[in-house]
Amino acid sequence: MLKIENYIGGNLVKPVSDNYLDNFNPATGEVYSLIPDSDERDVQAAVEAAKKAFPVWSKMPAETRHDILMRISALIERDLDFLAEAESIDNGKPKTLAKTVDIPRAVSNFKFYATAAIHFASEAHETTGQAINYTLRQPLGVVGCISPWNLPLYLFSWKIAPALAAGCCVVAKPSEITPMTAYLFSKLCIEAGLPGGVLNIVHGLGTRAGAAIVTNKDIKAISFTGGTATGEWIAREAAPKFKKLSLELGGKNPNIIFADCNYEEMLTTTVRSSFSNQGQICLCGSRIFVERPIYEKFKTDFIEKVSALKIGDPLDDSTNIGAVVSRQHLEKVLSYIELAKEEGGKILLGGNRVDLSDNSYNNPKSKIQNPKLSGWFIEPTIIENLPFDCRTNQEEIFGAVVTIQPFDTEEEVLSYANSVRYGLSSTVWTENLSRAHRMAERIESGIVWINCWLLRDLRTPFGGIKDSGMGREGGFEALRFFTEEKNVCVKFS
Ligand code: NAD
């Protein structure tokens, strides 16, 4: 069975303990590879390699760093199909989604930050007649990047690319639930000629390898994407050590639909924003608020469109809904559907686990004979009749479960939308320009999409407010995060 390896000091290596964890294929429920169960010794080796590489990497001309990052981007693009298939097998997501969204976005992340490296600039301030101040932005040193399982290579590269572009050396940990593309990516870094130690990838559990990164005294900053509870723990550990923190955490995003919207576009996009990646995108709109005059029509049309989604083999091009990432997550999502029923929710569609075990899996490379789809599938689920303040509508489910609720006024829907502890993203559908701006101004979220969803421009600030995190990724903001400002004041003679 394939044993994934750590990438430390430019080499692929075993974990010091020689212990491994099972890596499951969510579509079949089978163990198909093994993950290093790394501990603080592996993290320490990675930190030492990164410290050694830092003086050369940080002083390298930005143009040379640009060339290396562009080579990495080109290699990801060359292997797009292979990586998309690997992502699908590892995560359960439809391969078509990985091929059109996840892997192309990893290509773009490297391209974007390769070029940002050569355009990054700092300020100068004249103190009139007396002095000139200029700001140096110096790379922090060794930084930690920790990412989740829902968009594995996409979010892993979203952190690593700016850290490397800024001149930092990195110790990174992908999720232990989806380690495969990070492993394949480490091989591409070697092929691209990334100097040894500049990037180190340590695989393993969050509570062991992840915690060792957070607490390591030589790691100057942590860029983390994951759950709010983990973010809280990281913030508590890192604060007394004065580490810089960027935290991208959970969400419970509202999708607000006014009667005057472009109906067809809203409907098509709402199917996507509800159920893409089995609802496992932090930006999915899980609370759908619909203005009363179109509530019944929306309900009928939405149910019809969602019923047409095909749940099935993630490697089959016609599949819309793949497998949920793990058994534990499947159980969590199903438990929330039970909770919704207890809270008085009416299940309009779905609500059940899907048994596809009579169907064969497309993957000829599967380790078991005649593989069956015995993994973790759930029907896309639509629920109504729940108050805005019940647990189902307040807590993050992070699965293919949405609630729909009618509303009458802007004031009312704003109070529903803003009632949660989270504030990551929101969507507003209206053709009324003034209302769109009014809502955008008053909604409590870091990102507001008007008449669209997941339309991304990598230059824009990305991140949440309230318990959805702190700091912003994207654009030059990320390069500022990975650098320390130093003001130099030169007196005129
Ligand atoms: P998680 O918090 O369980 O794990 C995320 C990463 O942190 C993993 O690599 C994990 O191994 C590591 N980790 C866990 N405990 C740790 C610890 N004590 N110290 C250091 N590292 C630790 O989250 P998840 O279940 O992988 O991801 C789902 C969550 O991520 C959801 O809440 C989702 O909303 C959120 N998310 C947020 C964004 C965003 O941009 N805001 C994007 C994607 C996902």
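Each reported figure results from applying straightforward, stated rules to the coordinates on display, with no laboratory input. Bear in mind the structure is a predicted one, so any value in this text is a computation, not a measurement. Here the Cβ positions follow ideal geometry from the backbone for every residue, glycine too, while neighbour counts run over all protein chains shown.
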What list of ³J(HN,Hα) couplings, whole Hz, do you get for the range 358-370 from phi and the Karplus terms 6.51, -1.76, 1.60, once you set θ to phi - 60° and write x for glycine and proline?
-> 7, 8, 7, 8, 5, 7, x, 8, 4, 6, 9, 6, 6
Measure off 7 Å from each Cα along the Cα-to-Cβ vector at residue 415 and residue 62, then give the distance between these two points in nanometres to one decimal.
-> 5.0 nm
Gained length - residue 394 relative to residue 370, 0.36 nm times residue gap less alpha-carbon distance = 4.4 nm
Step through the residues of the range 129-141 one at a time and calculate ³J(HN,Hα) from phi using the Karplus curve (6.51 cos²θ - 1.76 cosθ + 1.60, θ = phi - 60°), rounding each to whole Hz and writing x for Gly and Pro.
-> x, 10, 7, 10, 9, 10, 9, 8, 10, 9, x, 5, x
With 0.36 nm assigned to each residue of separation and the Cα-Cα distance removed, residue 135 to residue 51 gains 27.8 nm
Could you work out the relative contact order of the chain, using alpha carbon pairs under 8 angstrom and six or more residues apart, expressed as a whole percent?
-> 19 percent
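I need the calculated FRET efficiency for the pair residue 456 and residue 82, taking r as the beta carbon distance and R₀ as 22 Å, to the nearest 0.05. Mind showing how you got there, number by number?
On the way: r = 24 Å, r/R0 = 1.10.
Once the sixth-power term is evaluated, E becomes 0.35.
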Please give the residues of the range 475-493, grouped as numeric ranges, whose backbone N is less than 17 Å from a label point set 7 Å along the Cα-to-Cβ vector of residue 127.
-> 486-493
Long-range amide H partners of residue 321 with built H, under 5 Å = 310, 311, 312
DSSP beta bridges in the chain [antiparallel fraction, %, rounded to 5] = 45 percent
Dimensions of the range 253-460 along principal axes (Cα, Å, largest first)?
-> 60, 41, 31
Cut-off under 5 Å, modelled amide H: who pairs with residue 131 long-range = 492
Output the Cα-based Rg and Dmax of the chain in Å, rounding Rg to one decimal and Dmax to a whole number.
-> 23.2, 84
Output ³J(HN,Hα) for the range 45-62: one whole-Hz value per residue in order, computed from phi by the Karplus curve 6.51 cos²θ - 1.76 cosθ + 1.60 with θ = phi - 60°, and x for Gly and Pro.
-> 4, 5, 5, 4, 5, 5, 5, 5, 7, 4, x, 6, 4, 6, 9, 5, x, 3
Long-range amide H partners of residue 253, meaning residues 5 or more apart or on another chain whose placed amide H is closer than 5 Å, are 286, 287
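Just want to confirm a number: the relative contact order over the range 1-70, from Cα pairs under 8 angstrom separated by 6+ residues, in percent. Walk me through the intermediate numbers first.
On the way: 75 pairs, mean separation 20.0, N = 70.
Contact order relative to length: 29 percent.
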Which FRET efficiency, nearest 0.05, do residue 408 and residue 1 yield, Cβ-Cβ r, R0 51 Å?
-> 0.30
Expressed as a whole-number percentage, the relative contact order of the range 253-460 with C-alpha contacts under 8 angstrom and at least six residues apart is 28 percent
Pop a pseudo-label 7 angstrom from the Cα along the beta-carbon direction at both residue 207 and residue 259 and give the gap in nm to one decimal.
-> 5.3 nm
When you count, for each residue, the other Cβ atoms within 10 Å and take the mean per peptide, how do 269-278, 129-138 rank with the highest first?
-> 269-278, 129-138
Inter-probe distance in nm under a simple model that places probes 7 Å from Cα toward Cβ, at residue 360 and residue 486 = 6.4 nm
Helix 152-165 vs. the chain, principal-axis angle (Cα, 0 to 90°, nearest 10) | 30 degrees
